[in-house]
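The next block holds one structure in the form of structure tokens; read it before the comments.
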């Protein structure tokens, strides 16, 4: 079995879904107008990813190869439905903010990719740790993106949380950053910074 810490590090840094693999871009660009939304979507996806990886791994020897993708989607959809009901019951504000993007986790290519590339070929424990690593890496990417956009675009920190911080009125705000073009620009800048430091470290 692969080293659990290595699997987590792989998802967080080496193959980060947002900044390295550049997958799952629909929620990444659409819901990261604030830190709260980004982390909420990231953790919801992480929960689905861990559960889906576990069950795909457990069922990998009984799922016929010809119908494996539809079977994976059924497994993923089951856990997405559970997460959606839990958000509606316990975090209605987050559920309202994320809206349609919670059900759309079903078609998030990150989850299907990990089910196909990893969980269907490895044991349950390794698959769970792969889900944890990739999920936390996705959450880190969305949270960072949301935090930067929120600070520059709205002049706040941790909005929608009890400890919201409002920056002074003199702080320059650029509303473009909480709009769709700001998501592309912020993601590009963060990816460029990450690649710069990764290449510098290799050199």
Inset, instruction - Return the only residue of 123, 137 being out of contact with any strand residue (DSSP E or B) (no Cβ under 7 Å at 6 or more places or on another chain), in contact (Cβ under 8 Å) with a residue 60 or more places away in the chain and buried (at least 19 other Cβ atoms within 10 Å of the Cβ). - result: 137
Legend entry - Index of the failed condition, residue 27 passing every other in (1) buried (at least 20 other Cβ atoms within 10 Å of the Cβ); (2) modelled with pLDDT of 90 or more: (2)
Inset, instruction - May I ask you to verify whether residue 89 is surrounded by fewer than 22 Cβ atoms within 10 Å (Cβ to Cβ) and under 15 Å from the mean Cα position of the chain (by Cα)? - result: no
Inset, instruction - With the checklist (1) farther than 24 Å from residue 95 by Cβ; (2) at pLDDT 90 or above in hand, flag the one item residue 166 doesn't pass. - result: (2)
Inset, instruction - Please list, ordered by first then second residue, the pairs with beta carbon atoms under 6 Å, 6 or more apart or interchain, first in region 159-180 and without any contact (Cβ under 8 Å) to a residue 60 or more places away in the chain and at negative phi, second surrounded by 10 or more Cβ atoms within 10 Å (Cβ to Cβ) and in a loop (DSSP other than H, G, I, E, B). - result: 164/158; 167/155; 171/155; 173/155
Inset, instruction - Could you please find all residues in region 142-158 being surrounded by 17 or more Cβ atoms within 10 Å (Cβ to Cβ) and over 19 Å from the mean Cα position of the chain (by Cα)? - result: 151, 152, 153, 154, 155, 156
Inset, instruction - Considering only region 56-70, state which residues are surrounded by fewer than 20 Cβ atoms within 10 Å (Cβ to Cβ) and part of a helix (DSSP H, G or I). - result: 58, 59, 65, 66, 67, 68, 69, 70
Inset, instruction - Go through the residues of region 77-96 one by one and say whether even a single one is part of a helix (DSSP H, G or I), out of contact with any strand residue (DSSP E or B) (no Cβ under 7 Å at 6 or more places or on another chain), in contact (Cβ under 8 Å) with a residue 40 or more places away in the chain and under 18 Å from residue 25 (Cα atoms). - result: no
Legend entry - Any pair with Cβ under 6 angstrom, 6 or more apart, that starts in region 56-74 at a residue that is closer than 13 Å to residue 118 by Cα and ends at one that is modelled with pLDDT of 90 or more and not in a helix (DSSP H, G or I): 56/120; 60/120
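The values are calculated or read from the model by the stated rules, or taken from the named source; none is laboratory data. What you see is a predicted model, and the numbers here were worked out from it, not measured in a lab. Backbone-built Cβ (ideal geometry, glycine too); neighbour counts: all protein chains shown.
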